[in-house]
Each structure stands twice: as C-alpha cells, then as structure tokens.
Ligand SMILES: C[S@@+](CC[C@H](N)C(=O)[O-])C[C@H]1O[C@@H](n2cnc3c(N)ncnc32)[C@H](O)[C@@H]1O
C-alpha cells in the first residue's frame, strides 16, 4: 500500500513538472491596434531587406503585417504557448506561414542578433532591462520601435502620437572604436 502511495506521489509530482517549468509572462497580452502597427513599421522604414523581430509577439500581428506588406522574414518571441498558437493561426490565415516563425521563448534569453528591426510593446522597466542587450548585440543601424514606452535615459530620435498612443524610434549607434 505504502509502495503504491509512493508511486502515486512520484507520478503526481512528475506530471506537475511541465506546469511548474512554465514561466509567467512579465507583462500580459494587450494587442497593438492595427493602425499603430502600420505606423510603427512606417516609422522604422521597414523595407524588403529587413528582418523583423517582435519581442513579446502576442497574437503575431506585427510580424504577420510586416511579412504580408513587405514580403520579409519576421519572427515573434513569446513566453505564452497560447499566444504562439494564436500567432501561428494568424500567419496561416494571412498566407505568410512561409515567412514568419513564432518561438516560445523568454525574450530576455532569446537570440535576436539577426534583426534589422525590433518592435516592442512591453513596459518601461522591461525596455530598460532589455536596453543593454539591444545596444550590445544588434548591428549598428538596427531600428527599434516601441509602442507606448520609452527606454529611460536613451533618448528616441523620433516620437509620435497616434490616436492617444505614443510610438518611439531609436537606431543602434556605431560601437565605440569602430
Ligand atoms: C503587451 S503584449 C504585446 C503583443 C504584441 N507585441 C503587440 O504589440 O500586439 C506583450 C506580450 O509579451 C509577452 N511576454 C511577456 N513576458 C515575456 C517574456 N519574458 N518573454 C517573452 N514574451 C513575453 C506576453 O505573453 C504578451 O503576449
């Protein structure tokens, strides 16, 4: 009986493992309105040679819009498996599954070095936490666009308002000594 109980406990804790390993999002999903998505891509001057990464990609609308409008490769990183499923569905419905890829990852650990455009809709402290990696790992000239939130002491080169939303643009500067 005791042995049976031990097996039952072992099985229960093992089956609880995947759930325990699921990391909670640092910010909940709130979608960027489509007109703001369009303006973000316009502000970043997205073109045919770009590779876009949306860090915290939600239902995938920014990556899907970029792929659909410009025919470029676009990636979305999100920690929430439900968002990844929605984003894949979004890509399928819009016929761009061959151009976009959604990865279930923590954006603070993900590799986004190949991006030439990065989009964000996170929170002020998350932008500031991400800033050192953006500056160190992205190629100079990479554009970063953020919906609603700034980067602390890193001043944006453009800032515009649209229907009560604010959009910020930065360009990764040349590295010192290069
Ligand atoms: C405010 S929503 C923005 C969604 C989309 N970028 C947009 O603008 O419509 C933020 C997203 O970030 C995701 N997220 C939060 N913390 C994360 C983390 N550490 N790593 C990856 N994604 C995260 C959430 O699951 C959510 O989908």
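Of note:
- Gaussian network model of the chain, Cα within-10 Å springs - most flexible of 25, 132, 81: 132
- Estimated 222 nm signal from helices in the chain, with DSSP H stretches of n ≥ 4 weighted -39500 (n - 2.57), rounded to 500: -12000 deg cm²/dmol
- Net lengthening on full extension, residue 139/residue 82 (0.36 nm per residue, minus Cα-Cα): 17.4 nm
- Potential lengthening of the chain between residue 157 and residue 23 amounts to 44.8 nm, from the contour at 0.36 nm per residue minus the alpha-carbon distance.
- Relative to the longest principal axis of the Cα atoms of the chain, the long axis of helix 124-137 makes an angle of roughly 70 degrees.
- Förster radius 30 Å - calculated FRET efficiency between residue 92 and residue 150, Cβ distance, rounded to 0.05: 0.30
- 0 to 90° range, to nearest 10: angle between helix 81-93 axis and the chain longest Cα axis: 50 degrees
- Anisotropy class of segment 27-171 from Cα gyration tensor, a/c 1.5 cut: rounded
- Extension gain (nm, one decimal) between residue 176 and residue 106, 0.36 nm per residue minus Cα-Cα: 22.3 nm
- Gap separating the Cα centres of segment 51-97 and segment 129-148, nearest whole Å: 19 Å
- Degrees, to the nearest 10: 34-43 long Cα axis against longest axis of the chain: 50 degrees
- Dmax and Rg, reported as Rg then Dmax, of segment 80-122 (C-alpha, Å): 11.5, 29
- Cα-projected label distance for residue 30 with residue 165, points at 7 Å along beta-carbon direction, nm: 1.2 nm
- Of all DSSP beta bridges confined to the chain, the antiparallel ones make up roughly 40%.
Readers should treat all values here as calculations from the given coordinates under stated rules, not as data from a laboratory. What you see is a predicted model, and the numbers here were worked out from it, not measured in a lab. No Cβ is skipped: glycine too gets one built from the backbone with ideal geometry, and neighbour counts run over all protein chains shown.
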